[in-house]
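The values are calculated or read from the model by the stated rules, or taken from the named source; none is laboratory data. These numbers come from a predicted model, not from an experiment. All Cβ positions, even for glycine, are placed from backbone atoms using ideal geometry, and neighbour counts span all protein chains on display.
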């Protein structure tokens, strides 16, 4: 779900950069020292998961783990995504530098929505409830990110209309896989590291 340089209009780039910058600013404000190891670990997981491309038709898809990241990090997900996306762009040529704000926004907004709706720090549910929230967050984060990515492309020109439809359809299997992975990870964390819930 990386948008490359030179694809979006300057208006979309400007709007995405503004949203991304606002998210990063808020994320840095709420970042606590005790959250830094988790942020680094989840950023590394995002970086590695994004490298594993699964070919589908004439393109490929990959995991992003933003549902899990959002459930744990909340607004801190924005600076974590920005750093990981920058490293992917500079080191591997994935995405681009001018679209960092847009890419951070299309991945960060669903993650923050998942934090507020399904976050691990919400109390009052057992392991099964945490896993159900994890599945829903993992699935929803991918679907929302594909919709936002497609929306950014559509806003840059009507010729991207077929891509918009394809993005959502191609990412449905990824959404299901992310839901299963996030459910398993959330249940595991609930069992072995309950302190992450506070």
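Among the candidates 68, 87, 82, 92, single out the residue that is at pLDDT below 95 and buried (at least 22 other Cβ atoms within 10 Å of the Cβ).
Values: 87 fails: buried (at least 22 other Cβ atoms within 10 Å of the Cβ); 82 fails: at pLDDT below 95; 92 fails: buried (at least 22 other Cβ atoms within 10 Å of the Cβ).
Exactly one residue qualifies, and that residue is 68.
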Subset of the range 121-145 that is modelled with pLDDT under 90 and either under 16 Å from the mean Cα position of the chain (by Cα) or outside any helix (DSSP H, G or I) (or both) - its residue that is nearest to residue 71 (Cα to Cα): 121
Scan of the range 27-50 for residues that are surrounded by 12 or more Cβ atoms within 10 Å (Cβ to Cβ) and not in a helix (DSSP H, G or I), ordered by number: 31, 50
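Here's the yes/no breakdown for (1) within 24 Å of residue 155 (Cβ to Cβ); (2) without any contact (Cβ under 8 Å) to a residue 60 or more places away in the chain:
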| position | (1), (2) |
| --- | --- |
| 29 | no, yes |
| 50 | yes, yes |
| 67 | no, no |
| 86 | yes, yes |
| 91 | no, yes |
| 96 | yes, no |
| 110 | yes, yes |
| 114 | yes, yes |
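When you scan the range 1-26, how many residues do you find that are in a helix (DSSP H, G or I) and under 14 Å from the mean Cα position of the chain (by Cα)? Break it down stepwise before answering.
Taking the range 1-26 and keeping what is in a helix (DSSP H, G or I), we get 10-26.
Still in the list and also under 14 Å from the mean Cα position of the chain (by Cα): 20, 23-24.
Summing the residues that are in a helix (DSSP H, G or I) and under 14 Å from the mean Cα position of the chain (by Cα) in the range 1-26 gives 3.
Given the structure, is residue 151 in a helix (DSSP H, G or I), over 18 Å from residue 65 (Cβ atoms) and at pLDDT 85 or above? Give the steps one after another, and end with the answer.
Details: in a helix (DSSP H, G or I): yes; over 18 Å from residue 65 (Cβ atoms): yes; at pLDDT 85 or above: yes.
Yes; evaluated as a whole, the condition is true for this residue.
Kindly indicate whether residue 54 is at pLDDT below 95, crowded, with 20+ Cβ neighbours inside 10 Å and outside any helix (DSSP H, G or I).
On the way: at pLDDT below 95: yes; crowded, with 20+ Cβ neighbours inside 10 Å: no; outside any helix (DSSP H, G or I): yes.
Criteria not met by residue 54.
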Subset of the range 98-114 (residues that are surrounded by fewer than 23 Cβ atoms within 10 Å (Cβ to Cβ) and farther than 20 Å from residue 28 by Cβ): 98
Residues (at positive phi and not in a loop (DSSP other than H, G, I, E, B)) located in the range 73-106: 74
